[in-house]
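Below is one structure, written out as structure tokens; the observations come after it.
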Amino acid sequence: MFFRRKNPQNELVSDDYADLREKMVDEQIRKRGVKDKRVLEVMRKVPRHLFVDPDSMNAAYEDNAMPIQCDQTISQPYIVALMTELLELNTSSKVLEIGTGCGYQTAVLAEIVEQVYTVEILPELAESASKRFEDFGYRNIHKRCGNGYYGWEKYAPYDRIIVTAAPKKLPNRLIKQLEEGGLMILPIGDYHQDLVRIHRTEHGIECKTVSGVRFVPMTGAPD
């Protein structure tokens, strides 16, 4: 998979931001301990500046989250890389993403795995992300506008689930859609949030707190 924007010659669009991505990966991600070579490679590759508002493109590779449409955010590059690494992906992983947002995390996942299923509750965000996926030529992203608390039962179970907005407690319906042996990464909490790694085993679930984080709250009706 690679980024190919539609144009009359069907050629790769030139990228003037490659050096900034290289610097981002070296200074913000690799030095903070992310080691997965596939994750580092994809973070060097996916053009984050094309997922933010046009007037924010020059700040796209800075070390922070950024506002996008509908009072939502695109996560800090390090957090995107960390959550992706924590999923322990392989090419055959079947991933459910809750919270498509602008589509940046979705694209990072789609560069690594064969199939990504992503759910966004806000129609405006779902539509703009869908347009980006089409422009970039992704064929392995399946998208839906709906309540993320309910997941996407039609294609369950998933061996990996990632949530990019913070519920106040662990969503039960998502746990039920996680395959035995599968992993889920999500922020949990209200004002004080923790990034949590869930492992579903034959005996139940194992939870591990990774770090403190700050995400927008998860909206929609909980279980």
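The values are calculated or read from the model by the stated rules, or taken from the named source; none is laboratory data. Remember, it's a predicted structure, so these values are computed and weren't measured experimentally. Glycine also receives a Cβ, built like all others from the backbone with ideal geometry; neighbour counts cover every protein chain displayed. Just so you know, the surface numbers come from the protein's heavy atoms only, side chains and all, with ligands and any DNA or RNA stripped out. Shrake-Rupley method; radii C 1.70, N 1.55, O 1.52, S 1.80 Å.
Would you check which residues across segment 113-140 are open to solvent by 60 Å² or more (accessible area, probe 1.4 Å), within 20 Å of residue 53 (Cβ to Cβ) and among the basic types (Lys, Arg) and list them? Reasoning before the result, please.
We begin by selecting, within segment 113-140, every residue open to solvent by 60 Å² or more (accessible area, probe 1.4 Å); these are 114-115, 123-124, 127, 131, 134, 139.
Right, trim to within 20 Å of residue 53 (Cβ to Cβ) and you get 123-124, 127, 131, 134.
Result: 131, single match.
Which pairs have Cβ atoms under 9 Å, sit 6 or more apart or on different chains, and link a residue in segment 197-223 that is under 16 Å from residue 159 (Cα atoms) and of a type in the set (Gly, Ala, Ser) to one that is modelled with pLDDT of 95 or more and surrounded by fewer than 13 Cβ atoms within 10 Å (Cβ to Cβ)?
Here the result reads none, with nothing in segment 197-223 linked to a residue that is modelled with pLDDT of 95 or more and surrounded by fewer than 13 Cβ atoms within 10 Å (Cβ to Cβ).
Please go through segment 168-219 and give me each residue that is assigned to a strand (DSSP E or B), within 17 Å of residue 78 (Cβ to Cβ) and either open to solvent by 90 Å² or more (accessible area, probe 1.4 Å) or polar (S, T, N, Q) (or both), ordered by number.
Those that are assigned to a strand (DSSP E or B), within 17 Å of residue 78 (Cβ to Cβ) and either open to solvent by 90 Å² or more (accessible area, probe 1.4 Å) or polar (S, T, N, Q) (or both): 193, 211.
Give the residues of segment 141-167 that are among the hydrophobic types (A, V, I, L, M, F, W, C) and either assigned to a loop (DSSP other than H, G, I, E, B) or open to solvent by 10 Å² or more (accessible area, probe 1.4 Å) (or both), sorted by residue number. I'd like the intermediate steps shown before the answer.
The initial filter retains those residues of segment 141-167 that are among the hydrophobic types (A, V, I, L, M, F, W, C), namely 141, 145, 152, 156, 161-163, 165-166.
Residues satisfying the conditions are 141, 145, 152, 156, 165.
Quick one: count up the residues across segment 104-118 that are of a type outside the set (D, E, K, R) and in a loop (DSSP other than H, G, I, E, B).
Taking segment 104-118 and keeping what is of a type outside the set (D, E, K, R), we get 104-110, 112-113, 115-118.
Within this subset, residues satisfying the condition of being in a loop (DSSP other than H, G, I, E, B) are 112-113.
Selection size over segment 104-118: 2.
Given the residues 104, 138, 78, which is the only one that is over 13 Å from the mean Cα position of the chain (by Cα), of a type in the set (Ser, Thr, Tyr) and closer than 20 Å to residue 21 by Cβ?
138
Would you check which residues across segment 144-159 are touching a residue at least 60 places away in the same chain (Cβ under 8 Å) and under 16 Å from residue 125 (Cβ atoms) and list them?
Matches in segment 144-159: 147, 148.
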